[in-house]
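The values are calculated or read from the model by the stated rules, or taken from the named source; none is laboratory data. Bear in mind the structure is a predicted one, so any value in this text is a computation, not a measurement. Note that we place each Cβ from the backbone using ideal geometry, even for glycine, and neighbour counts take in every protein chain shown. We work out accessible area using only protein heavy atoms, side chains counted, and drop any ligands, DNA or RNA first. Shrake-Rupley method; radii C 1.70, N 1.55, O 1.52, S 1.80 Å.
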Amino acid sequence: MFGILRVLRQDDRWHELDKALTTAFEKVKGETRNLYSWVRYLREKDLKNDSRHEQISREFGENSSAIKTLQMEVAMLKEELRNMYKNSQKISPFPDQVRTKSGLKSEPERKTVLERKILAISRPVKKDYVMQQIESMAQKGVYTTKQIETTIVKEKMLCGRTAFYDYLKEMRLIGRMNISGKKLEKQRL
């Protein structure tokens, strides 16, 4: 009897061992499946990240080339503006201007920094001052246009002949002056 019990006990041990091993292997299988699913998930994420990285790199390259193009366009526009500004300083804003001949100077004038600064400050005020002088002489009613030109241009040296006639034209256009015969008259309001 003890022999049968021993065999049964050993049989029970084998069953318990078999159960324990089966449970352990099922746990290992479950963990392995879980690990495989994580590996698949991470692989998919990695592929998505790779494609995003490629897309971002492509867009970055496109954007940097677009930025370079825009920078070149801005530089070209700045240069055009500089040229337009230089040209606009040479050309009067009035299309029907009176031109006079002027000779070339033998040697260009060299101005100091102080002289250039003073001229830059006085230029905006100069036009109004010259116009006031023209207006005050015309208001007296005794001067001809040629006499006012001689006084402003040659005697007082406030401006050149071209600028003088540009100022006259502007004053006539805005209604500050009237030319009757050869005399200038201040426009009466």
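General remarks:
- Length added when fully stretched, residue 129-residue 114, from 0.36 nm per residue minus Cα-Cα: 3.2 nm
- Where labels lie 7 Å past Cα in the beta-carbon direction, separation of residue 44 and residue 28 in nm: 2.8 nm
- Of the solvent-accessible surface of segment 12-57, computed with a 1.4 Å probe over protein heavy atoms with every protein chain present, carbon and sulfur atoms account for 57 percent.
- Greater than 19 Å apart at Cα, pairs in 86/169; 127/154; 126/156; 146/169: 86/169
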